[in-house]
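Read-outs throughout are calculated quantities, based only on the coordinates presented, and are distinct from any laboratory measurement. Small disclaimer: the values here were computed from a predicted structure and weren't measured. Note that each Cβ is placed from the backbone with ideal geometry, even for glycine, and that neighbours are counted across all protein chains shown.
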Amino acid sequence: MRCQSLGKALQFAAMEQIGPADFLEPERLVESSRPVPRANVTWWMAGGFLLVMLLSTLIGNQSVASRAVVSFVWGVAILGLMGAMSALSLYSVKRYRADQRRVEQVGELVQLRRWADAALAVNQYLSRPARNHAFRVQALVYLSYVLARLHRFEESIKVQNQLIDEGILDEPSTATLKISRAMSMLREDHLFDADRAISELRRSVASGSAGVALVEIYRDVKTGHPQEAIELFEQKRDVLRDQLGHRMADAYALVARAYDLQNREAEARAMFRSATLLAPAAELFRRYPEVDKLKGKYEPAAAPPEAA
């Protein structure tokens, strides 16, 4: 088991650095996953039923034998039609549930932060036409999260822009996607676009949410406005704590950097310790290059002892 975990870790590291050119390639996956028109079997069944009616009419009721043939043909046709409809329904439900389960599994892998497995699963799912448009859209959302995790922010933004422009998602889901897009824009130093995206979020259903507050704090730290970041953090502290859960570590880490920019080392040390109580320091350094500047300057909180 340990060898398998190591193998996946090495595989993931390779994907981050030099992965295959077409692996998780957004344009390819967006096109290859488009549902294709499928033959409508119902029309074929209707045509067969009409053919049986035509044959019955041609045979007619001229004799007892012909009436017996017509009755037999009708009986076989009805039984065949019922059997075909039942088989088709079972097949469609089975395929629908299989697709649903595959997309749910990708979502579970993303939630569990098993990024290597999530990347492989979403690439496999989107590499062939989806049977259901809604499942494809959800898989594309997960693709944008995986790309961001791989630091392929430009590609993540492309996928998010397409989903937002198509207007497929409901309003809360669109707002969540816009928050993720704004974070990616900041990571890629698209500061003007990020500021415009934040302004849009303030006018959306996400206005006042912890996600928008976190993006604003990050923007202020990134653009050299530490005091604004600290003031916003203090103003939204309760909202951040209630909505972010363990991701409150991100807010603590960014504010630690804000205090550090002001040379307020005592406050920066306290905030950095609070952040590393909730998340490993290495993970915070990976998420935010600005926080990486605190490495070696402040001690992270000690990890709890392992259970015997």
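Tabulated results
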item: Extension gain (nm, one decimal) between residue 263 and residue 242, 0.36 nm per residue minus Cα-Cα; result: 4.7 nm
item: Nearest-0.05 FRET efficiency for residue 234 and residue 161, computed from C-beta distance (R0 30 Å); result: 0.35
item: Top positive-direction residue, dipole computed over the range 208-308 with Cβ charges, set 294, 277, 244; result: 294
item: Derived scalar couplings ³J(HN,Hα) [the range 129-143; Karplus, 6.51 cos²θ - 1.76 cosθ + 1.60; whole Hz; x for Gly, Pro]; result: x, 6, 7, 10, 5, 5, 5, 4, 4, 5, 5, 5, 4, 5, 4
item: Among 111-117, 146-152, the order from most to least packed when residues are scored by Cβ within 10 Å on average; result: 146-152, 111-117
item: The range 158-213: C-alpha gyration tensor shape, a/c 1.5 cut-off, then a/b vs b/c; result: oblate
item: Rounded if a/c under 1.5, otherwise prolate or oblate - the range 208-308, Cα gyration tensor axes; result: oblate
item: Calculated FRET value between residue 131 and residue 286, using beta carbons and R₀ = 51 Å, to 0.05; result: 0.90
item: The range 265-273 - phi-based ³J(HN,Hα) in whole Hz, Karplus 6.51/-1.76/1.60, Gly and Pro as x; result: 5, 4, 5, 4, 5, 5, 5, 5, 5
item: Mean-position separation - Cα centroids, the range 239-308 and the range 145-174, in angstrom; result: 27
item: Shape call, the range 129-247: gyration tensor on alpha carbons, a/c limit 1.5; result: prolate
item: Label-point gap, in nm, between residue 23 and residue 203 - each point 7 angstrom along Cα→Cβ; result: 4.2
